[in-house]
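Take a look at the structure below.
The values are calculated or read from the model by the stated rules, or taken from the named source; none is laboratory data. Every value quoted in this text rests on a predicted model; they were computed, and no experiment measured them. All Cβ positions, glycine included, derive from the backbone under ideal geometry; neighbour counts span all protein chains shown. Remember, those area values only see protein heavy atoms, side chains included, never the ligands or the DNA or RNA. Shrake-Rupley method; radii C 1.70, N 1.55, O 1.52, S 1.80 Å.
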Amino acid sequence: MTKTGQSLDRAALDSMLRRRMFFTPAFEIYGGVSGLYDYGPPGCALQANIIDLWRKHFVLEEDMLEVDCTSLTPHEVFKTSGHVDKFADWMCKDPRTGEILRADHLVEEVLESRLKGDKEARGQTVEVDEEKEAKKKKKAKDTKAVKLDDSVVQEYEEILAKIDNYNGEELGQLITKYNIKNPSTGGDLLPPVAFNLMFQTSIGPSSNLAGYLRPETAQGQFLNFQKLLEFNQQAMPFASASIGKSFRNEISPRAGLLRVREFLMAEIEHFVDPEGGKKHPRFNEVKDIELILLNRTTQLQGRTDVEKLPIGKAVSAGIVDNEVLGYFLARIHLFLEKLGVDQTKVRFRQHMANEMAHYAADCWDAELLTSYGWIECVGCADRSAFDLTVHAKKTGAPLCVRETRSEPLKIEEWQVDLDKKKFGPKFKKDGKAVEAAVDALSQELREKLSLDLRKNGRIEVEVPGVGSGKVEIDKDLIAIEKRTRVEHTREYTPNVIEPSFGIGRILYSLMEHVYWSREGDEARGVLSFPPPVAPTKVLLVPLSNHQEFKPLIRRMGQKLRQLGISSRVDDSSASIGKRYSRNDELGTPLGITVDFQSVKDNTFTLRDRDTTKQVRSDEDTIFSDPSHHRYGQHLTSAEVDELVKPSGDALELVHDWLLDNGIERHRLEYNSAKNWIKVTLPVQAVEGLLDNTYSVYKHEEGDYTVRTSNWSLPLHLHEHIETIQPTNSFFRPAPMRSTLKPANPIGTSYKSPKWHSFLNASNITVAQASPTFDPSASTTTDTNEPYLTWLNYVLAQPELPQTISTSYGDDEQTVPYAYATLACQQFAQLGARGITLLSASVDSGVGPTGACVSNIATTQPCSALPSPFLAPYVTTVGATKNFAPEVAAFDPANNFASGKRFSNYFPRPA
């Protein structure tokens, strides 16, 4: 299906992509080579944009160490890693024709064909891929409509559900059991044999050094582990990343860009301490992200049912092995979402046992649904410590982490001492082999051999390749004793979590997902790429070749290039509609038309690709469009903290003042920007600090609160400290219906409570537990929301939703100006992080006369204004009703109206 729900015509899409030169068969004028393709200009640009987004999403966001390693690799490296022996697919050969077929694809194709024939025999509708069928008919016999037994249909479906779990012997058994022949000849096939997928070559003119073109980028990252660890200042965990070409000699390349012999990969190797359950410090940020999962248990039952689960639940339930693996699955999901991949066509499939390497703890594939079926585009595997271990063992290189223990570790163990002076002459040329065998003895075996040594005066050790395979060692050559060893340094080999991205597969799947055609113009397709990945962002279209248009086109193009926005000029003689239509095929999101009106008043027509809607606007407005390449590049939490943090001088002055009053730094608590300080003090200490007197105030309802009517600061701190609370703020957690009356000052007869004192300043801002309150004639009790408390909490979070909304507000005149200003400043900090703040407008409109009375002049009517959401960094949303004209919603009977007036605190918007 296309993006808009139409049936996907893959032949039409493929024709369009080749015609617009997204990709083309390599060496085509020589007849081409199967599985090799070249990318044209739009394909290169699309691939570059995907890589750019990948780097930002992973390398920059996760602070990874990127490396670029060579593609040409010596034989010895891949022999050690296991690729020489095991990197293979199973193939079958037709002995009569010499044709080679990939065994799992053969079984899959034949069984699917038989199931199709069964449906036809039962009179069921069968979806036909005409292009795929056309290719089959050239070499395969027609599918026969033969009805199968229900039990056979179930068998076939179960086999297809777990087709990736069969090894060569099992595939051979399936071919024999179900009488599978060569589809093109009907001839018998030889049993499946392994075919190594690596391209072999030789290095150097003498051809003495065998090598391979790499089938993945991972090995170069493993071999550089120790240098990367040193570059990272020995800090763990960390991740490396690499983007580069890989090569696989596919048996039967098919499905266009989805199975090729040369392709671009982007791989991550996340090195983690195996102790502690492979936790991830940022897992809490993604634990609620829901993924579509197809687990191995379901597949082994011959089913493909999926379940939607938060990744946190999947990890806690043991479906996903550990937090680090789960974290990267969620991050992969978010990356694919950013690219514009259809989220209804994404699933994460867990590898079955036969698919995984023997050392792997768990492995999942992010699969995308295409017209070719579900395609593996990203693999995410827990490779344990296998790669680092085998390379270290082969080379002797210390591919491990050494950390100083916080507490020395005492270890009781059986240790072996050899008398080297006697040992060498005794075993001569076999000495090293015998010594290595002794060193390799386990603790359990050493304990047993120590008893044999004391009892018999000798021990027997297995040493393959020496004599009969067993060697006798006398007690005068060896001693085995239990000793305590103190370990100050911990040494371990990290485990590796590896997300591996097939960029070409993602690229093609994305093109299918964003492809559609307009009704009535099915011959021309549209590629609705999101602007960040679109090959070209803007199309510049002069109405004609009139000379007056050229300077405007030139100026617009130069301005776009200076902003880093890719653009393209189409000044051909075709109509405007045709020019836009053929650039829709390239996925260009926006078009700018230059016409005679542009010459007169510098206005242009801006066209949207997907809706074809056009608006006319001036140049400055057009270039502030959300499609701007910097749109969405907001500040991080740390960057906002850096902007608002107080100066070092301001902090020192406040610290010195507090220290002069006996308040040491270790008692202070800070927010992340250090512009709020909190300290807990007895009331007497606060009175000495602020040169004032606190009293117990009693409400008419009988409740008490401790406050002061005034407070003071040294003059040199006035420009640095903005407010201190609680001081003269009279708020209550519960609704109040009366004013406050002074009771008695705090004296020796009153037990002094501990009091949280907060400093708040333009340089140093100190939080309070709830907002201050200025009673007005119409609002005598404190119902205000604790905005600053909430804002301080929210601003401390590293990740936030893109939109926050509320329907609560306070009468502006009840909120002290300083408090409202501070809240407004913090709303601005949220805005700088890209958070949209939405507030509901008040329910009394601009306010009927007399409903709200000013707290400045109690006889002066005013309007009820919601604070602090009148701040310029908050968008207020109201309701409307009716059409032509559309008016603000109101209900006179219930005195309801949606709307508000401007603030008396903040300036009106220009």
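Filtering segment 582-626 to residues that are assigned to a loop (DSSP other than H, G, I, E, B), among the basic types (Lys, Arg) and exposed (fewer than 14 other Cβ atoms within 10 Å of the Cβ) leaves only LYS613. Residue count for segment 308-351 under the criterion of being open to solvent by 20 Å² or more (accessible area, probe 1.4 Å) and hydroxyl-bearing (Ser, Thr, Tyr): the result is 2.
Only a single criterion out of (1) open to solvent by less than 20 Å² (accessible area, probe 1.4 Å); (2) out of contact with any helix residue (DSSP H, G or I) (no Cβ under 9 Å at 6 or more places or on another chain); (3) at pLDDT 90 or above is not satisfied by PRO215, namely (2).
So which pairs qualify, if the first residue must be in segment 223-235 and open to solvent by 50 Å² or more (accessible area, probe 1.4 Å) and modelled with pLDDT of 95 or more, the second must be part of a helix (DSSP H, G or I) and among the aliphatic types (A, V, I, L, M), the Cβ gap must be under 9 Å, and the two must be at least 6 apart or on different chains? So the pair list comes out as LEU223/VAL77.
In summary, LEU800 fulfils each of the numbered conditions (1) of a type in the set (A, V, I, L, M); (2) open to solvent by less than 40 Å² (accessible area, probe 1.4 Å); (3) modelled with pLDDT of 65 or more with the single exception of condition (2).
Within segment 417-429, is even one residue closer than 22 Å to LYS482 by Cβ, open to solvent by less than 30 Å² (accessible area, probe 1.4 Å) and touching a Ser or Thr at 6+ places or on another chain (Cβ under 9 Å)? Looking through segment 417-429, none of the residues is closer than 22 Å to LYS482 by Cβ, open to solvent by less than 30 Å² (accessible area, probe 1.4 Å) and touching a Ser or Thr at 6+ places or on another chain (Cβ under 9 Å). Of everything listed in (1) out of contact with any Pro (no Cβ under 9 Å at 6 or more places or on another chain); (2) assigned to a helix (DSSP H, G or I), the single unmet condition for LYS338 is (1). Filtered by the rule that a residue be within 20 Å of LEU795 (Cα to Cα), in a helix (DSSP H, G or I) and open to solvent by 50 Å² or more (accessible area, probe 1.4 Å), segment 634-654 gives ALA638, GLU639, GLU642, LEU643.
Would you mind stating whether GLU403 is closer than 21 Å to ASN495 by Cβ, in a strand (DSSP E or B) and of a type outside the set (A, V, I, L, M, F, W, C)?
Working: closer than 21 Å to ASN495 by Cβ: yes; in a strand (DSSP E or B): yes; of a type outside the set (A, V, I, L, M, F, W, C): yes.
Answer is yes for this residue.
Out of all the residues in segment 515-533, is one or more of a type in the set (Val, Ile, Thr) and within 44 Å of the chain's Cα centre (by Cα)? So far as segment 515-533 goes, yes, one or more of its residues are of a type in the set (Val, Ile, Thr) and within 44 Å of the chain's Cα centre (by Cα). Would you check which residues across segment 34-43 are open to solvent by 40 Å² or more (accessible area, probe 1.4 Å) and without any contact (Cβ under 8 Å) to a residue 40 or more places away in the chain and list them? If the condition is that a residue be open to solvent by 40 Å² or more (accessible area, probe 1.4 Å) and without any contact (Cβ under 8 Å) to a residue 40 or more places away in the chain, then ASP38, TYR39 are the ones that fit.
A Cβ distance below 6 Å, combined with a sequence gap of six or more or placement on separate chains, defines the contacts here; from segment 342-362, residues that are not assigned by the TED database to the domain that holds LEU171 reach residues that are part of a loop (DSSP other than H, G, I, E, B) in the pairs ARG347/VAL306; GLN350/ASN295; ASN354/ASN167; ALA361/ASP321; ASP362/ASP321. Only one of GLU76, GLU62 is charged (D, E, K, R) and not in a helix (DSSP H, G or I). Can you tell me which? One residue alone meets the criteria, GLU62.
Count of segment 103-121 residues, restricted to those that are open to solvent by 30 Å² or more (accessible area, probe 1.4 Å) and in contact (Cβ under 8 Å) with a residue 24 or more places away in the chain, is 8.
The single condition among (1) open to solvent by 20 Å² or more (accessible area, probe 1.4 Å); (2) modelled with pLDDT under 95; (3) assigned to a helix (DSSP H, G or I) that ASP89 does not meet is (3). The single residue among ASP52, ASP68, ASP38 that is touching a Pro at 6+ places or on another chain (Cβ under 9 Å), under 12 Å from ALA266 (Cα atoms) and of a type in the set (D, E, K, R) turns out to be ASP52. GLY31 meets the conditions (1) modelled with pLDDT under 95; (2) at negative phi in every case but one. The failed one is (2). Consider segment 484-529 and keep the residues that are open to solvent by 20 Å² or more (accessible area, probe 1.4 Å) and of a type in the set (Asp, Glu). The one that is modelled with the highest pLDDT is GLU491. A single member of SER581, SER567, SER637 is in contact with a Pro (Cβ under 8 Å, 6 or more places away or on another chain) and in contact (Cβ under 8 Å) with a residue 24 or more places away in the chain, and it is SER637.
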